[in-house]
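Peer 1: Before I ask anything, let me first share the structure, which is written out below as structure tokens.
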């Protein structure tokens, strides 16, 4: 059975990077505790490679002073993802972490989707 991945892209004010890393570290522990196989958060370093007609900067549209975060969570399957996320979303710890009035990024500007893994080596 193919694995399943939730992917996320979001613009992040650079001044909030330390706060975001703290939040992401808490989130990673929660998702892994509740069954996710892998959890990765990464911050933009080479966002606009020369010759690339579309890149994460164009996709995420960061404002001045912002960078881009690219993250993913790996599951056994889509069904497993749905089971883990149901547990995560009902956990009171995630409610504390996801208060839209007190987060280091704007939830409305985050893009996320689920993906079936077709190649993994």
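The values are calculated or read from the model by the stated rules, or taken from the named source; none is laboratory data. The structure presented is a predicted model; accordingly, all values stated were derived computationally and were not measured. Here the Cβ is made from the backbone with ideal geometry for all residues, glycine too, and neighbour counts use every protein chain on show.
Peer 1: Could we say that residue 24 is in contact (Cβ under 8 Å) with a residue 40 or more places away in the chain, part of a helix (DSSP H, G or I) and out of contact with any helix residue (DSSP H, G or I) (no Cβ under 6 Å at 6 or more places or on another chain) here?
Peer 2: Spelling it out, residue 24 is indeed in contact (Cβ under 8 Å) with a residue 40 or more places away in the chain, part of a helix (DSSP H, G or I) and out of contact with any helix residue (DSSP H, G or I) (no Cβ under 6 Å at 6 or more places or on another chain).
Peer 1: If you take the residues of the range 87-121 that are assigned to a helix (DSSP H, G or I) and in contact (Cβ under 8 Å) with a residue 60 or more places away in the chain, which of them is farthest from residue 7 (Cα to Cα)?
Peer 2: So, considering only residues that are assigned to a helix (DSSP H, G or I) and in contact (Cβ under 8 Å) with a residue 60 or more places away in the chain, the one farthest from residue 7 (Cα to Cα) is 93.
Peer 1: Across the range 28-65, which residue is surrounded by the most Cβ atoms within 10 Å (Cβ to Cβ) among those that are part of a helix (DSSP H, G or I), at pLDDT 95 or above and under 15 Å from the mean Cα position of the chain (by Cα)?
Peer 2: Taking the candidates together, the pick is 31.
Peer 1: Among the candidates 84, 74, single out the residue that is part of a strand (DSSP E or B) and touching a strand residue (DSSP E or B) at 6+ places or on another chain (Cβ under 8 Å).
Peer 2: 74
Peer 1: Moving on to the next point. Considering only residues that are under 17 Å from residue 8 (Cα atoms), surrounded by 15 or more Cβ atoms within 10 Å (Cβ to Cβ) and modelled with pLDDT of 95 or more, which ones fall in the range 81-108?
Peer 2: Correct list: 81, 84, 85, 88.
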